C-alpha cells in the first residue's frame, strides 16, 4: 500500500464525466476514496456522506474523487442515481487500485480506503478499512487540520 509522504502513482485519471486528474501532479488537493463495491449499501452511505460534505471540502481547496472497480456504465449509473456532485472514476481494469496497492482478497476488490494527496503529489494520509458511516466527516476534519484554509 502507498504510504504517507510517498509519491502518489503518476496516473492520469479520466472521470465518468470527462474530467481529468493527474495524481502525480494534481492542480489541487485530492481526496480519493475507493469503494469495495458501488452497488452496496456501504458505498451508497460513504458516497452520500462525501456528497453532503462537498461544499466544505471545496472551501478547503480539496477535490473529492470516488474510485469504483465496476465498469464505467455502472459507476456512471451510481453517480446519477445518487446525485453525486464530484467525479467518479471507473477502475474496471484495477490499474488505479493496483498502483496504490489496494486490491484485497475479496474477489479482487479494493479495500475500502481513502487517500489524501497534496498539490505536490505526495500522499499525506491513508485511511485503511474505513467504516461506511461518518467517514467523510473524519476526512474533512483531517483536511482542516492538515491544510487549514485554502
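So if I check each of 64, 31, 4, 38, which one is within 18 Å of residue 141 (Cα to Cα) and part of a loop (DSSP other than H, G, I, E, B)?
Residue meeting the stated conditions: 4.
Exactly one condition in (1) out of contact with any strand residue (DSSP E or B) (no Cβ under 7 Å at 6 or more places or on another chain); (2) part of a helix (DSSP H, G or I) is false for residue 79; which is it?
(1)
Residue 18 - would you say it is at pLDDT 90 or above, assigned to a helix (DSSP H, G or I), out of contact with any helix residue (DSSP H, G or I) (no Cβ under 8 Å at 6 or more places or on another chain) and under 21 Å from residue 77 (Cα atoms)?
Against the criterion (at pLDDT 90 or above, assigned to a helix (DSSP H, G or I), out of contact with any helix residue (DSSP H, G or I) (no Cβ under 8 Å at 6 or more places or on another chain) and under 21 Å from residue 77 (Cα atoms)), residue 18 does not qualify.
Looking only at residues in region 111-127 that are in a loop (DSSP other than H, G, I, E, B) and touching a strand residue (DSSP E or B) at 6+ places or on another chain (Cβ under 7 Å), which one is farthest from residue 2 (Cα to Cα)?
119
Filter region 135-150 down to residues that are in contact with a helix residue (DSSP H, G or I) (Cβ under 7 Å, 6 or more places away or on another chain) and either under 11 Å from residue 50 (Cα atoms) or at pLDDT 90 or above (or both), then give me how many there are.
5
Go through (1) assigned to a helix (DSSP H, G or I); (2) at pLDDT below 95 for residue 130 and report which single condition fails.
Looking at each condition in turn, residue 130 falls short on (1).
The values are calculated or read from the model by the stated rules, or taken from the named source; none is laboratory data. Everything numeric in this text was worked out from a predicted model, so none of it was measured. FYI the Cβ positions are ideal-geometry reconstructions off the backbone, even for glycines, and counts take in every protein chain you see.
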